[in-house]
Ligand code: GRF
């Protein structure tokens with residue numbers, strides 16, 4: 001019988017971490033088909049870090065702001081270079097728990113799945129290439145339907161579009177991450193219908209509650225796929 005090796009999960013966050021919390025809660029009641037090994041935040045004051053630490057999950061901070069120190073918005077090329085270094089360093093952090101791949105921490109194991117749960121920084125093609133080379137899948141939660149409202153403030157933009165009579169529904173998806181922002185193949189898509197005269201805040205709360213379900217379901221779908229891939233490789 002195949003001993004179910006716990007698939008390692010690493011979660012990328014930038015803020016409150018309510019979606020991370022749902023993954024943690026699922027893991028606590030054995031409803032997550034893997035183990036959250038590490039949480040990396042792009043912001044040192046992200047509440048999601050507190051959530052992880054309260055559950056004894058290893059955390060790191062990897063802040064683009066630190067890379068941009070000493071530069072200004074006008075330093076376009078310098079910032080492009082720094083953003084690239086930020087991405088390569090992030091890849092090494094995920095794989096080796098160190099910026100220098102030569103000194104990987106002996107007890108650290110690279111994850112098999114990276115979950116972007118409110119991660120607000122675009123991941124570069126080089127980053128994704130390194131993940132692919134190490135057989136690490138990267139998925140992202142986005143509060144919109146495929147090919148709609150890519151990028152930030154998707155919930156507010158959908159709500160405004162409904163107010164203008166342009167759409168009748170929106171939704172939430174978790175998708176594989178590719179170079180084009182929020183354009184990867186969907187793993188799970190859930191519709192969210194609008195309610196006449198509903199406030200934006202109430203609508204946001206409903207969307208987030210659908211996200212909280214989608215993030216766990218999608219993570220399990222991908223983890224189960226990884227597990228079965230291990231099984232077939234062992235046959
Ligand atoms: C979620 O709405 C996510 O889709 C968006 O940012 C929010 C993150 O929420 N990218 P949290 O940090 O998981 O609470």
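The values are calculated or read from the model by the stated rules, or taken from the named source; none is laboratory data. Just so it is clear, the structure is predicted and the values come from calculations on it, not from any experiment. Neighbour counts run over all protein chains shown; Cβ positions are idealised from the backbone, glycine included.
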- request: Would you be able to say whether some residue in the range 89-108 is in contact (Cβ under 8 Å) with a residue 40 or more places away in the chain and out of contact with any helix residue (DSSP H, G or I) (no Cβ under 9 Å at 6 or more places or on another chain)?
  value: yes
message: Being over 19 Å from residue 216 (Cβ atoms), within 16 Å of the ligand (Cβ to nearest atom) and either within 14 Å of the chain's Cα centre (by Cα) or in a loop (DSSP other than H, G, I, E, B) (or both) is true for just one of 174, 181. Which residue is that?
response: 181
query: Here are some conditions: (1) more than 15 Å from the chain's Cα centre (by Cα); (2) outside any loop (DSSP other than H, G, I, E, B); (3) surrounded by 12 or more Cβ atoms within 10 Å (Cβ to Cβ). Residue 114 meets all but one. Which one does it not meet?
result: (1)
statement: Of (1) within 26 Å of residue 84 (Cα to Cα); (2) within 15 Å of the ligand (Cβ to nearest atom), residue 37 satisfies every one except (2)
- prompt: Out of the range 137-185, which residues are in contact with a strand residue (DSSP E or B) (Cβ under 6 Å, 6 or more places away or on another chain), exposed (fewer than 15 other Cβ atoms within 10 Å of the Cβ) and more than 29 Å from residue 94 (Cα to Cα)?
  reply: 169
- prompt: Just for the range 108-136: of the residues that are in contact with a strand residue (DSSP E or B) (Cβ under 9 Å, 6 or more places away or on another chain), more than 12 Å from the ligand (Cβ to nearest atom) and farther than 20 Å from residue 218 by Cβ, which one is modelled with the lowest pLDDT?
  reply: 108
Failed condition for residue 221, given (1) touching a strand residue (DSSP E or B) at 6+ places or on another chain (Cβ under 7 Å); (2) surrounded by 17 or more Cβ atoms within 10 Å (Cβ to Cβ): (2)
- request: Could you list, in sequence order, all residues of the range 119-136 that are part of a helix (DSSP H, G or I) and surrounded by 15 or more Cβ atoms within 10 Å (Cβ to Cβ)?
  value: 127, 128, 130, 131
